[in-house]
There are 2 protein chains.
Amino acid sequence: MAGRKHRVTVVGSGNWGTTVAKLVAENTREHPDLFEEEVQMWVYEENVAIPSDSPHYDPAVGDAPQKLTSVINKHHENVKYLPKIKLPSNVVANPSLVDAVKDSSILIFNLPHEFIGNICKQIKGHILPFARAISCIKGVTVTDDKVELICEYIGDTLGIYCGALSGANIANEIANELWCETTIAYNTPPCDRRSSSGADGPDGEKHRDSSGRVSKTELTPVPHDYPPVDHEEIRKLFQRPYFSVSMVPDVVGVSLAGALKNIVALACGFTEGNGWNATAKTAVMRRGMVETIRFAQEFFPESIQLMTFWESAGWSDMIVSCTSARNWRYSKMAAERGVSLYEIERTELNGQKLQGISTTKEVMSFLRARGVENQYPLFKAVEGIIDGTFKVEDVPKLLSG
Amino acid sequence: MAGRKHRVTVVGSGNWGTTVAKLVAENTREHPDLFEEEVQMWVYEENVAIPSDSPHYDPAVGDAPQKLTSVINKHHENVKYLPKIKLPSNVVANPSLVDAVKDSSILIFNLPHEFIGNICKQIKGHILPFARAISCIKGVTVTDDKVELICEYIGDTLGIYCGALSGANIANEIANELWCETTIAYNTPPCDRRSSSGADGPDGEKHRDSSGRVSKTELTPVPHDYPPVDHEEIRKLFQRPYFSVSMVPDVVGVSLAGALKNIVALACGFTEGNGWNATAKTAVMRRGMVETIRFAQEFFPESIQLMTFWESAGWSDMIVSCTSARNWRYSKMAAERGVSLYEIERTELNGQKLQGISTTKEVMSFLRARGVENQYPLFKAVEGIIDGTFKVEDVPKLLSG
């Protein structure tokens, strides 16, 4: 029997990280048989000033800068990144990364893509060898040589198993407990499968009929004095009445959908900004999804599961990304103004980069290195529009070819 | 070698029927090797008056009623159902149903669902025995006993093979040559497969790897002095630069998607009218699609093809139906006003029926007769909301169960 409980740490405390810490902490309270109540949240320490109109304003302190971790732990609110949302008091902000992760058997990574390499370097060797992780960082890293899933990068770097959470999720809505769905891809490592965990029912059973894609690392099993870490337990850690979790074993499908949608969002922005009607935009989005599936089937035939693309991380995230997200918004603006995306980055984003551009370039370069770029006419069209060698008006001809 | 050519008739001349006649007639002109140039369009004869501000107004005639067929054949415009769109002069309106179809080897059915039974009765025995048909009428007829595809009903009644055209298609947009896509499901009957038709390339080949779902009728093969009727020829009859056609062999998937989307559109209208946010609406739509696929897999396991649901007839039609179509619009209105759909039918539709209601009832009754209604929680929720036994607010709980 399990004598110990899982200790949970959220690595990251932005808008989305704090939201996830909130819902996870609600669940550790509801499942004291599985989890320690306290949830650690690593916070990149910074100074904040509480404005005088805030309920947390203390005249004795005034607007003197205070440490963000102290404010969170005192007022149970991340005043900087998730203001006006009450956090459960069992969320404990911790400014020390190593201290926050060292005793935790479940790590949730939730911070911007570009920081993950450095974070992994800092905590490597300081975590429990049998820890399990979930990455809320979407996507993949594509070079000419390979496509690397971010969750697998984390897992391989730390020598643990790491799954992925992705979906059509808007942090502020979830923080306000408006209902939505998400997808968690978690392919329980064979060393963690316990006969007793078959108890999670027919759905869990089906999901465990997985591709068997496993980490490159020799994994240390979760000790038997801990509860298992399988679909059932992970669902209990994340599912809330306002946050419906679907568990799948397909980390590849979830990660690819999370990355390639950025290309499709650019395509939708271009065509919509060019005045196309809704059915045409829907057709462009559909083609993008079909090319995403083709990519997955071509390069990950051993592990991809077609139904994954019907999950929130597939269908829903694609629709929301092509209707309201950043890549879509700025590519629409570029088409409306008749300027390039680079011009938009310069004038509207202060030189900040749009992720869709690099994703498009990397994916096309990867495809070209294999001579199959023509099987992805929509991705190719997006690249051409970015580079100015192709016009939005030509999309139908290319897609019908 | 083929000595004869296919003669084409469009049965129906509403907004969508006239649009299809236009694009088909453009194609018979472009492919004189396959098709006779003239396209017959059966028109339910009625009298129309040409308003004085119309370019077709003739002071000598004034606003005296004229026959719609005469107006179409004289002015090449369906002034009543597709005004301001110039039809190719090779579209010939014909008020006689039997005369319009009797010599045609390709029949395109495009008229409201409720008329098809009577139309088939009238033409049965008066068509070429080897004619092939495409139904632009979407969907299925569901009774407690069975699910009947409309295209199969047409084919079985007439003793010919009938495929189905369906997609996110808005007639006026296509008539104005705004780009969109469609899906044609056509499972070339074995008796029509000719060795030479392998020439339509790898894509056509793949599509012909079909489920082999065949008509109940003993079919008369298309004679060899006619060109074949296979995916390549059908695509040539429908594809235009502004109308991109995807051919699939899965008549079941296309028909089911076309029918069950009406249930999902009601669900989306209810939740949106209830003030739910975009991610929640997307989640509801996604669940509807997943239940549609489940239905298809459960009751047509031998013939369904999963990729069909990524076609325009699946993905795109679902999105457009849940964003702008009739079922969606009125269920949204019902939720906004806090009244029942029946009340909306009474006050807004003059007692006209909303198709989604009967589809929901029939499908739920079919599922209940098999004891599997609980595997379709979204469909069930829609039925409950229609009947007032269930509240929109309870949807998340039901879907998470």
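The values are calculated or read from the model by the stated rules, or taken from the named source; none is laboratory data. Here the structure is a predicted model, which is why all the values come from computation and not from measurement. Virtual Cβ from ideal backbone geometry, glycine too; neighbours counted across all protein chains shown. Areas reflect the complete protein model, heavy atoms only, side chains present, ligands, DNA and RNA absent. Shrake-Rupley method; radii C 1.70, N 1.55, O 1.52, S 1.80 Å.
Of all residues in segment A:146-188, exactly one satisfies the criterion of being within 14 Å of another protein chain (Cβ to nearest Cβ) and without any contact (Cβ under 8 Å) to a residue 60 or more places away in the chain, namely A:173.
Looking only at residues in segment B:283-300 that are open to solvent by 10 Å² or more (accessible area, probe 1.4 Å) and in a helix (DSSP H, G or I), the one that is farthest from the other protein chains (Cβ to nearest Cβ) is B:299.
A Cβ distance below 8 Å, combined with a sequence gap of six or more or placement on separate chains, defines the contacts here; from segment B:325-346, residues that are among the aromatic types (Phe, Trp, Tyr) reach residues that are outside any helix (DSSP H, G or I) and buried (at least 16 other Cβ atoms within 10 Å of the Cβ) in the pairs B:328/B:322; B:330/B:354.
Would it be correct to say that residue A:316 is more than 25 Å from residue A:393 (Cβ to Cβ), within 13 Å of chain B (Cβ to nearest Cβ) and of a type in the set (Gly, Ala, Ser)? First the steps, then the outcome.
Numbers: more than 25 Å from residue A:393 (Cβ to Cβ): yes; within 13 Å of chain B (Cβ to nearest Cβ): yes; of a type in the set (Gly, Ala, Ser): yes.
For residue A:316, the condition - more than 25 Å from residue A:393 (Cβ to Cβ), within 13 Å of chain B (Cβ to nearest Cβ) and of a type in the set (Gly, Ala, Ser) - is met.
State yes or no: is residue B:385 at pLDDT 95 or above and open to solvent by 10 Å² or more (accessible area, probe 1.4 Å)? Steps first, answer last, please.
Working: at pLDDT 95 or above: yes; open to solvent by 10 Å² or more (accessible area, probe 1.4 Å): yes.
Answer is yes for this residue.
Taking segment A:361-382 as the range and being without any contact (Cβ under 8 Å) to a residue 12 or more places away in the chain and surrounded by 17 or more Cβ atoms within 10 Å (Cβ to Cβ) as the test, only A:373 passes.
Please work out which residue is surrounded by the fewest Cβ atoms within 10 Å (Cβ to Cβ), limiting yourself to segment A:30-56 and to residues that are among the hydroxyl-bearing types (Ser, Thr, Tyr) and either more than 19 Å from residue A:18 (Cα to Cα) or over 24 Å from the mean Cα position of the chain (by Cα) (or both).
First pass over segment A:30-56, keeping only residues among the hydroxyl-bearing types (Ser, Thr, Tyr): A:44, A:52, A:54.
Add one more test, that the residue is either more than 19 Å from residue A:18 (Cα to Cα) or over 24 Å from the mean Cα position of the chain (by Cα) (or both), and what stays is A:52, A:54.
Details: A:52: 10, A:54: 15.
Looking at residues that are among the hydroxyl-bearing types (Ser, Thr, Tyr) and either more than 19 Å from residue A:18 (Cα to Cα) or over 24 Å from the mean Cα position of the chain (by Cα) (or both), I get A:52.
Answer yes or no as to whether residue B:27 is more than 16 Å from residue B:226 (Cα to Cα), open to solvent by less than 10 Å² (accessible area, probe 1.4 Å) and out of contact with any Asp or Glu (no Cβ under 8 Å at 6 or more places or on another chain). For residue B:27, the condition - more than 16 Å from residue B:226 (Cα to Cα), open to solvent by less than 10 Å² (accessible area, probe 1.4 Å) and out of contact with any Asp or Glu (no Cβ under 8 Å at 6 or more places or on another chain) - is met. Residues in segment A:265-275 that are open to solvent by less than 10 Å² (accessible area, probe 1.4 Å) and either outside any helix (DSSP H, G or I) or within 13 Å of chain B (Cβ to nearest Cβ) (or both): A:268, A:271. The conditions of being within 14 Å of another protein chain (Cβ to nearest Cβ), free of Cβ contacts under 8 Å to residues at least 12 places away in the same chain and either open to solvent by 20 Å² or more (accessible area, probe 1.4 Å) or closer than 26 Å to residue B:142 by Cβ (or both) are met by residue B:278.
When segment A:228-252 is limited to residues that are in contact with an Asp or Glu (Cβ under 7 Å, 6 or more places away or on another chain), in a strand (DSSP E or B) and buried (at least 19 other Cβ atoms within 10 Å of the Cβ), the one that is nearest to the other protein chains (Cβ to nearest Cβ) turns out to be A:244.
Out of B:255, B:303, report the one residue that is in contact with a helix residue (DSSP H, G or I) (Cβ under 7 Å, 6 or more places away or on another chain), under 26 Å from residue B:367 (Cα atoms) and assigned to a loop (DSSP other than H, G, I, E, B). Break it down stepwise before answering.
Details: B:255 fails: assigned to a loop (DSSP other than H, G, I, E, B).
Only one candidate qualifies: B:303.
Return yes or no: is residue A:309 part of a helix (DSSP H, G or I), within 13 Å of chain B (Cβ to nearest Cβ), open to solvent by less than 40 Å² (accessible area, probe 1.4 Å) and not charged (D, E, K, R)? Explain how you work it out, then say what you get.
Numbers: part of a helix (DSSP H, G or I): yes; within 13 Å of chain B (Cβ to nearest Cβ): yes; open to solvent by less than 40 Å² (accessible area, probe 1.4 Å): yes; not charged (D, E, K, R): yes.
Answer is yes for this residue.
Scanning segment A:319-331 for residues that are farther than 19 Å from residue A:383 by Cβ and within 12 Å of chain B (Cβ to nearest Cβ) yields A:319, A:320, A:323, A:324, A:325. Condition (residue is open to solvent by less than 30 Å² (accessible area, probe 1.4 Å), in a helix (DSSP H, G or I) and within 30 Å of residue B:181 (Cα to Cα)) applied to segment B:336-349: is it met by at least one residue? No, the conditions are met nowhere in segment B:336-349.
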